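Student: Take this structure, written in structure tokens, and hold onto it; I'll ask about it next.
The values are calculated or read from the model by the stated rules, or taken from the named source; none is laboratory data. Remember, predicted model here, so these are calculated numbers, not experimental data. Here the Cβ positions follow ideal geometry from the backbone for every residue, glycine too, while neighbour counts run over all protein chains shown. Just so you know, the surface numbers come from the protein's heavy atoms only, side chains and all, with ligands and any DNA or RNA stripped out. Shrake-Rupley method; radii C 1.70, N 1.55, O 1.52, S 1.80 Å.
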Amino acid sequence: MPDKDMQVSNTLNTLKRDTIIKISDLYAKILQSDIVLRFKKNHPGVFDFIVNRLSLKSFQGLPLTILIISIISNIFLLFDFTEDTINSKEFIAIDSYVAGYLYKYRSEPLAGALYFISGICDTSSVAIIGAIFCIYFLVAKKFHLAIGILISLLGSGLSIYLGKNIFEIDRPRQYAYHHENYFSFPSGHSTIAVAFYGLLFYFLLRHFTSVKARIKVFISAFIFCMLIGFSRIYLSVHYLSDVLAGYMLGLIWLLLSISIIEWQKPKRIG
């Protein structure tokens, strides 16, 4: 099995290297084309900016560009989804149906287990775990990782607070397994699951070099986030739309945190 994993890893590395070489060759040909050379001569500042944004030599190039595009696209998607959730009768009907259906078939043992699991995303739990990781990274002088955690926690926390106070959407209290005092939209637990715990899974992903191990980490992260979201719907403390909005909001802060971490890494901070 180790030999097989090594073979798969080598094959993927070779494929990755060949792909990068082909892209680099194509990129070089485009830069030497007549139309590009004329544009470079007439607009040198704009040309340099575009070339730097598409460079494969550092994270500040194409990888950061793709991440920024992903973040902006996700923001617009979240805005569009929020508008549909508030104004669409179809969305409201789906939310009500899902909440009522899960309440009808709710199992007390499963509800208790999911209530316990969702507690890992409570404010107190996240604050403690976040503080532990921040202190560890500061002591280890990995300041860029500590900054990433702070951005993930503070950014997602502030946006959750603002979202709940702006939209003021009530929870499905008639079905709720336990009482929650605050507004429903977006789901804070779902946001934190992606923004904060997703970042911890990302750290774990960076730690492993084996393709098989990385796939396992990715699948574990996906299952964890889905489980947290489902627990909030199953316990009827959130609607389906709250959880989906939380995922999108959390993804924005996760991508932003990763971007800043990777952006600082070449500067050798920590």
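Student: In a shell of Cβ-Cβ distance under 12 Å around I192, excluding I192 itself, what net charge do Lys and Arg (+1) and Asp and Glu (-1) give?
Tutor: Working: positive: R232; negative: D122.
Charge balance near I192 sits at 0.
Student: Excluding A111 itself, what net charge comes from residues whose Cβ is under 14 Å from its Cβ, given Lys and Arg +1 and Asp and Glu -1? Could you put the intermediate results ahead of the total?
Tutor: Working: positive: K104, R106, R232; negative: E108.
Local charge sum for A111: +2.
Student: So between I71 and D122, what do we pick up on full extension, going 0.36 nm a residue minus the alpha carbon distance?
Tutor: Full extension of this stretch gives 15.8 nm more.
Student: Which of K41/K142; K104/K164; K142/K216; K141/K216; K89/K164; K29/K142 have a Cα-Cα distance over 32 Å?
Tutor: K41/K142; K29/K142, as the Cα separations exceed 32 Å there.
Student: Only sites in a loop by DSSP and with at most 16 other Cβ atoms within 10 Å count here; which trypsin sites (Lys or Arg not before Pro) in the stretch 84-117 make the cut?
Tutor: Answer in residue order: R106.
Student: Further, regarding this structure: Please give the solvent-accessible surface of T209 in Å², to the nearest 10, using a probe radius of 1.4 Å with every protein chain present.
Tutor: 120
Student: If you don't mind, there's one more thing I want to ask. If amide hydrogens are placed 1.01 Å from N in the peptide plane, which non-local residues have theirs closer than 5 Å to the one on S88?
Tutor: Amide H to amide H, under 5 Å and 5 or more residues apart or across chains, S88 pairs with nothing.
Student: Using a Förster distance of 51 angstrom, determine the FRET efficiency expected from the C-beta separation of S220 and R38, and round it to 0.05. Working shown, then result.
Tutor: On the way: r = 51 Å, r/R0 = 1.01.
E between S220 and R38, to the nearest 0.05, is 0.50.
Student: Computed over the Cα atoms, what is the radius of gyration of the stretch 56-152 divided by 2.2 N^0.38 Å, N being its residue count?
Tutor: In units of the 2.2 N^0.38 Å rule of thumb, it is 1.62.
Student: In the neighborhood of V98, defined by Cβ-to-Cβ distances under 14 Å, what is the net charge if each Lys or Arg adds +1 and each Asp or Glu adds -1?
Tutor: Result for the local shell: +1.
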